[in-house]
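Rule-based calculations on the coordinates, nothing more; no lab input. Bear in mind the structure is a predicted one, so any value in this text is a computation, not a measurement. Don't worry about glycine lacking a Cβ; one is built from the backbone with ideal geometry, like all the others, and counts go over all protein chains shown.
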Amino acid sequence: MALARTRDRIFIDGEWVDSDGSNRIEVISPTSEEVLGTVPSATTSDIDRAVAAARRAFDQGSWPRMVPAERAAVLRRVRDGLAASREDFAELVTDEMGSPITQSLAIQVGAPLALLDSYLDLVETFPFHDFRTAPSGSALVTKEPIGVVAAVVPWNVPLTVAIQKVAPALLMGCTVVLKPAPETSLATLALVQLFQDAGLPPGVLNAVPAEREVSEYLVSHPGIDKVTFTGSTAAGRRIGALCGQNLKRVTLELGGKSAAVILDDADLGAAVESLRLGSLRNSGQICTLKTRILVSNRNHDELVDRLRALVHSMPVGDPRDPATQIGPMVTRRQRDVVEGYIRNGMEQGARPVVGGGTAPVERGWFVDPTIFTDVDPNMRIAREEIFGPVLSVLRYDDEDSAIEIANCSEYGLSGAVFTSDIDRGIAVASRIRTGSVEINGNPVGFKAPVGGFKSSGIGREAGLEGMDEYVESKSYGLPTERVAALGNGLKGREPIIRQ
């Protein structure tokens, strides 16, 4: 069943309703440059309605008072619905933002399915309560839902990030106002339809596509208890400032400029093949990609030759074509930004060993995939997030200088170390200030937390740590004998306090 390419309504309080305004957001295909569909552009009064619905559902509704198994049953139905429409969702995301179709099946739909599986597994053993006794007192310590959550998701992996935020929030008993990215609103609203079909109670999830000013109104709304945002560091700073004014809880997953450190004992062929997806998947539009490739002087030339061959083996073109590995940039503006970085790199003295010229496809927002050498760590292309298929190769003298270069960044989101000695790789990785490090390209998986050091964000998503972001810890002082009685035989797997 093909998914809707136009949405006339927004989702509030369990129903698809008219917006209070008449403005619409055009979703434009980055391949054809034509309008793919439209959605309503929410107003501040729409936000008020959505927050009020989520507030009622949290304060008065059944959802926060269900046992986790009951909430999980609803999300399992969402998971089944997404799996049943996997190809339709992959095609829609490909059409909206240009992700190559074979990658869309994996990272745009396969990843959210895997995330759902992980969260549904973890909730079964999540420690909702604990018992602690000390000479100073005895307590029942609980983890209780944080309240109404504003989830602001990006355009590059819209379904993955929506699930990464919405699923744990709902499983913990929160209610949510979801703000889709304008560029990929169609796929995100189609996902919301699955929640409605799964029987989610009214008000528990609401969805309001909106432009920037209305989005700011949402994150600063007094009815919101927690904001979770994925996007640029600049936008994250703004959201953090807005939340800080009212001490609103906030999780920020922001930009990255991750380094792949290739040690001298690494298998260069395997390392470069790992970078096919590790550095260039989704056409370079992923915040965790390894866009700084660090290699010793000894292996520099061979690595560059292999990277050149890698890019030549990655067809650029129509993202609907299964042979395509690099598609267009999501918008004309993003294409112009990436091309501006390529020009700046050449102006500052970096040398493109592949790319650097005119996009190989005439129609659509394509760029020429580019690899730079002769890159100084202080160049803009080595310091700023480009968000396109542009890599910088940087030389290092020894292991210490490699780590110094890897840490020479305001970001700290991801990274990689390639080596034939795993223990050495772990030792090097431990010195890199970043939220995750992949040894020889091995992913951390969806039960591990992800998030950033430094300007790459605040908080963690995925894993138990990601679920912890949606609860508040609360302590009940009790007589020691009562704590002992409560703790006898209980394992903390379900809340023992029901409102």
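How big is the C-alpha Rg of the range 258-445 next to the rule-of-thumb value 2.2 N^0.38 Å, as a ratio? Before the final figure, lay out each step's value.
Numbers: Rg = 15.5 Å, N = 188, 2.2 N^0.38 = 16.1 Å.
Here the answer is 0.97, to two decimals.
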Under 5 Å from the placed amide H of residue 251, counting only residues 5+ away or on other chains, we find 227, 228, 229
Relative to the longest principal Cα axis of the chain, at what angle does helix 86-97 sit, 0 to 90 degrees, rounded to 10?
-> 60 degrees
Whole-Å distance, taken between Cα centres, linking the range 217-265 and the range 90-154 = 17 Å
Shape call, the range 53-200: gyration tensor on alpha carbons, a/c limit 1.5 | prolate
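Counting helices only, and only those DSSP H runs with n ≥ 4, report the 222 nm mean residue ellipticity of the chain as the sum of -39,500 (n - 2.57) divided by its residues, in deg cm²/dmol to the nearest 500.
The helix contribution divided over the chain gives -11000 deg cm²/dmol.
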Phi-derived 3J(HN,Hα) across the range 115-130 with the Karplus relation (6.51, -1.76, 1.60, θ = phi - 60°), rounded Hz, x for Gly and Pro, is 4, 4, 4, 5, 4, 5, 6, 5, 5, 5, 10, 5, x, 6, 8, 8
Residues whose placed amide H lies under 5 Å from that of residue 279, excluding near-sequence neighbours | 290
How about the range 311-344: which trypsin sites (Lys or Arg not before Pro) there are in a DSSP loop, with at most 15 other Cβ atoms within 10 Å of their Cβ?
-> 320
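What number results when the radius of gyration of the range 1-115, computed over Cα atoms, is divided by 2.2 N^0.38 Å?
Values: Rg = 17.1 Å, N = 115, 2.2 N^0.38 = 13.4 Å.
My calculation over the Cα atoms of the range 1-115 gives 1.28.
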Beyond 15 Å, the calculated P(r) of the range 78-132 holds a percent of Cα-Cα pairs equal to 54 percent
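Semi-axes of the equivalent ellipsoid of the chain: what are they in whole Å, largest first, if each equals the square root of 5 times a C-alpha gyration tensor eigenvalue?
39, 29, 19
Would you please put 302-308, 3-9 in order of how densely packed they are, using the mean number of other Cβ atoms within 10 angstrom per residue and starting with the highest? Working shown, then result.
On the way: 302-308: 17.4, 3-9: 15.4.
For the peptides 302-308, 3-9, the packing ranking is 302-308, 3-9.
Can you pull out the chymotrypsin sites (Phe, Trp or Tyr not before Pro) in the range 96-149 that DSSP calls coil and that have at most 11 other Cβ atoms within 10 Å?
Answer by residue number: there is no such site.
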Label model pair residue 5, residue 24: point-to-point distance (7 angstrom along the Cα→beta-carbon line) in nm is 1.3 nm
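Can you order the peptides 51-63, 86-98, 473-485, 264-276 by their average number of other Cβ atoms within 10 Å per residue, highest first? Present the calculation step by step, with values, prior to reporting the outcome.
Details: 51-63: 19.2, 86-98: 24.0, 473-485: 12.8, 264-276: 17.5.
Ranking the peptides 51-63, 86-98, 473-485, 264-276 by packing returns 86-98, 51-63, 264-276, 473-485.
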Which angle between 0 and 90 degrees, to the nearest 10, do you get for helix 158-171 versus the longest principal axis of the chain when only C-alpha atoms count?
-> 20 degrees
Intensity falloff of the range 182-259 expressed as log10 I(q)/I(0), Debye formula with alpha-carbon point scatterers, at q = 0.15, 0.21 Å⁻¹ | -0.66, -1.08
Compactness of the range 135-265 - radius of gyration and Dmax, Cα, Å | 17.2, 58
